[in-house]
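The values are calculated or read from the model by the stated rules, or taken from the named source; none is laboratory data. Please read these numbers as outputs of a predicted model, since none were measured by experiment. Every residue, glycine among them, receives a Cβ derived from its backbone with ideal geometry; neighbour counts consider all protein chains shown.
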Amino acid sequence: MTGVGFLQGPVVVNKCGGRNVSDRRKWRGVCSSSGRVQLQIGSSEGEERDTELDLDDEFDEDVVVDTDELELKRREHLLENDLYASPSIPAKESTKVSVEVGGKVITFETGMVARQAAGSVIVRSGNSMILCTACAESTTSPSADFLPMRVDYSEKFSAIGKTIGTYLRREGKPSEREVLTSRLIDRPLRPMFQNGFFNEVQVLASVFAYDGSISTDSLAICGCAAAIHISSIPLVEPVAAVRLAHIDGNYIINPSKTEVELSRTDLVVAGTRNGILMIEGTCDFLTEEELLRGLKIAQESISKICGALDQLRIVAGKEKMDAKLRAVDDELLKKVEALTDDLDEAVKVTSKRLRDDAINEIKDRVFTELAPTREQVILDPEAAENLVILQLTWKKHIAGRMRRLILDEDRRPDGRNCTTVRPIHIVPSFLPTAHGSALFTRGETQTLAVVTLGGDDMAMKQESIDGDAQLRFYLQYSFPPFSVGEVGRVGAPGRREVGHGKLAERSLQNIIPNKEKFPYVIRIENNILESNGSSSMASVCGGCLAMMDAGVPIDRPVAGVAMGLILEGSRIAVLTDILGMEDALGDMDFKVSGDGEGISALQMDVKVEGITPDVIATALAQAKKGRLDILSVMKEAMPSYRESLPESVPKIHTMSIAVKKIGEVIGPGGKQIKSIIEQCGGEDIISISISQDGVVSIMSTDLDAIAKAVQIVEGIAVDINVGQRFTGKVTKTLPFGAYIEILPGKEAWCHISELEYKRTEKVEDVCKEGDILEVEISEVGRGGQFRVSRKPLLPKPPPRTPENSVNSSDANGKDQKSKTEGKELSSKPQAKDKSPQRSKQGERTPRPQLKDKPPTPGSADPAE
């Protein structure tokens, strides 16, 4: 054994019974098991010499350093220099792996932060940065029969240098966008865990920096997959995701926000090196062939990212935990099969309720025979685990019976073959007082879709790190527990309801008319009344019919259908319009919406470790046939949208005003627009909204109120120039003039001297409140004040002559007297004006001002 060490200061090497060696120099000592110590001693001048110390054979101890003296000298040395008095712990260096995808570099970094987590990765692209972590319990709950994984994605507003506008000024309840992204992360990761791994797992993704270049959802999927992959949590293989855009016939991987706005698609595709796990997004009626080409391009980029994640695991990965996997017991499966000879007949019952009753009767018989008692489950963890194994065995058994029925006999539980759509029944205008409604029933799935039309104040407001937005169209999906015959929670929508509603909304998004063609905000409410599979696609059909019933001029009708997959080795069966049982026990849930020409939205989830583009192509072709069958029934029930809006729909008038006039129409604190609403009947009768680009929307069921509001807004927003003539109403008289309303909401000031050419003693001699006068704009102030004159519209008096002057003086002695007084005043010496004159060339000329500022009502005129 050899040891090497470095010390500074006097060193004393002691050998029991031997001599001491002491020297204040650097030393390097090597002690071998043979009993020889070689010291390389360097003096202060840098000299070195070798000194060998022979140890007697009778002493086998190694060289012993006098630690007491060393500690004393070390402390003396540290006191001389406080810089070294504190410990220096080097920071652990991080591990980084970068990959270029779509012309953008994605970097995965681990080892710097969140080191207590089982796996933590910072994923970067540009200046965007997302921290992804994964943790798992070391043991499995005795009663767990599924993977209890929770994924939470959050966006910090500090990532863009802002604070969220809530009362507490901190992030709280997840937004709709955060919920959808959390689901987006969960869906491709879940099927890639080892079968039977039921430990609780928590995956978190937090956006700490965001530059707005590309969307964060696909990055978060990659980051969370990387965190699990390098951790001790068992994952079969890495997962990655990309965003896909289609512009001018070309596909772009991870496009910018500007490119997404120009794209015909907005898809997120996730998968492994060899298969696709998840698809989510919208298409502007792309054909199936165009979509498949894009999926193949996305698969290449996904495979490239998965390679980078494998490299990260090689460098920084942890050993996978030896988790206890719960698997089906073959012996137990044989016992279950022996007790269920009549299960095939129960599976073939066409009615959902009767089928469930028949299957549950057989299940009760099996569990009564093989399951531990309730008391055993409570007291004995092993008994609870045995119950879970029995539940897994039962699920595998019934799934096997259903799958064999489909693959061997081409017969599904409700009696259909693989390509048939369930019977459809449609009732338009189901609700008499709603703006639009439709009851859509397909098999044992039923939805009541209701459309409400309104103004801009009904738009849904959203706040995110991408900025604030207002949605003119949105769909809300409701799934009450009675729809499946159960007792359950009623309240705020859960993650599933949010996700299903968003899918139906995306399916209809591309047929909504623009605001110029149809100025209404559209809200669709989908109430699921019965559910036996594909309720989200029923919401697409019902929502489309309800909009047509409300008179929304949609571009084309759209339908949706859910596809399933049974995969047994090389045998494949694609199912059209799947049931709830086929969804639960099958291998895929592939929802596709659109028309006969192309696809408007799609969502695919699988329970296997990825599927190939060939399987997707088969499903898309079969889905198109199913959509056409549904559309033909929808067109029979409602060939086109209604030509006129229902009477209950408020009428909307839109007009444009100059952006600079928005403030005048709104007024300080909204005073002006509130006044307009009150003049037109109040908030219950009319509503007015103004967009930032100057579009004014006036909505009311009273056409007269709309006409009056339009007149007032036009009057406020019109540009008034000198020389324009108006017929106005006298609103107030003062001793020195009158206020005249030249337009609704606009008043002008007319001085007493501008009422007539001749001298006017009293304003009331010419006009009084309520009189109508024709006036001309004589001056426009910078603050929006107006001066008017009545003189230009009156006949001019004849030119003054000496005779007229005498007659005038005789007729009005006061006038003659005032002239005499004026002459006397003018004969007095005048004070010299000492104000500086601005006559130099190049000096700025003062802006023109009103000759005298119009007084506010109730004030005195300074001139008087």
Considering only residues that are assigned to a strand (DSSP E or B) and out of contact with any Pro (no Cβ under 9 Å at 6 or more places or on another chain), which ones fall in the stretch 603-612?
Q603, M604, I611
Which of the residues spanning the stretch 707-750 are closer than 30 Å to P650 by Cα and of a type in the set (G, A, S)?
A707, A709, G715, A717, G745
Residue set G813, G822, G784; condition modelled with pLDDT under 85, closer than 30 Å to K660 by Cβ and of a type in the set (G, A, S); output residue G784
Identify all residues within the stretch 732-784 that are within 27 Å of Q672 (Cβ to Cβ) and among the hydroxyl-bearing types (S, T, Y); write none if there are none.
T733, Y739, S778
Within the stretch 196-234, which residues are part of a loop (DSSP other than H, G, I, E, B), over 16 Å from R150 (Cα atoms) and acidic (D, E)?
D211
Residue set S600, S593; condition touching a residue at least 40 places away in the same chain (Cβ under 8 Å), outside any helix (DSSP H, G or I), in contact with a Phe, Trp or Tyr (Cβ under 7 Å, 6 or more places away or on another chain) and under 30 Å from M192 (Cβ atoms); output residue S600
Qualifying strands (runs of 3 or more DSSP E) (wholly inside the stretch 410-507; at least 3 residues being modelled with pLDDT of 90 or more and either touching a strand residue (DSSP E or B) at 6+ places or on another chain (Cβ under 8 Å) or surrounded by fewer than 17 Cβ atoms within 10 Å (Cβ to Cβ) (or both)):
424-428, 436-442, 445-454, 473-478
Restricting attention to the stretch 134-182, report how many residues are assigned to a strand (DSSP E or B) and among the hydrophobic types (A, V, I, L, M, F, W, C).
5
Report yes if T272 is under 26 Å from K591 (Cβ atoms), under 24 Å from the mean Cα position of the chain (by Cα) and in contact (Cβ under 8 Å) with a residue 12 or more places away in the chain, otherwise no.
no
Looking only at the stretch 155-203, which residues are under 13 Å from the mean Cα position of the chain (by Cα), polar (S, T, N, Q) and at pLDDT 95 or above?
T181, S182
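I want to confirm something. Restricting to the stretch 267-284 and keeping residues that are of a type in the set (S, T, N, Q) and over 14 Å from R187 (Cα atoms), which single residue is surrounded by the fewest Cβ atoms within 10 Å (Cβ to Cβ)?
The first filter runs over the stretch 267-284 and keeps only residues of a type in the set (S, T, N, Q), leaving 272, 274, 282.
Remaining after also requiring over 14 Å from R187 (Cα atoms): 274, 282.
Working: N274: 14, T282: 21.
Per the criteria, the residue is N274.
Here are some residues: E155, E171, E137. Which one is touching a residue at least 60 places away in the same chain (Cβ under 8 Å), more than 15 Å from A226 (Cα to Cα), surrounded by fewer than 19 Cβ atoms within 10 Å (Cβ to Cβ) and charged (D, E, K, R)? Quick ask: steps written out before the conclusion?
Numbers: E155 fails: surrounded by fewer than 19 Cβ atoms within 10 Å (Cβ to Cβ); E171 fails: touching a residue at least 60 places away in the same chain (Cβ under 8 Å).
After applying the criteria, what remains is E137.
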Would you check if there is a residue in the stretch 728-746 being free of Cβ contacts under 8 Å to residues at least 24 places away in the same chain and at negative phi?
yes
Would you call V763 among the β-branched types (V, I, T), over 52 Å from the mean Cα position of the chain (by Cα), closer than 27 Å to I666 by Cα and in the same structural domain as K791 (by TED's automatic domain parsing)?
no
How many of the residues in the stretch 671-680 are modelled with pLDDT of 90 or more and either more than 12 Å from V713 (Cβ to Cβ) or under 33 Å from the mean Cα position of the chain (by Cα) (or both)?
3
Considering only residues that are surrounded by fewer than 17 Cβ atoms within 10 Å (Cβ to Cβ) and in a loop (DSSP other than H, G, I, E, B), which ones fall in the stretch 613-641?
P639, S640
Of the criteria (1) surrounded by 13 or more Cβ atoms within 10 Å (Cβ to Cβ); (2) under 44 Å from the mean Cα position of the chain (by Cα), which one R353 fails:
(1)
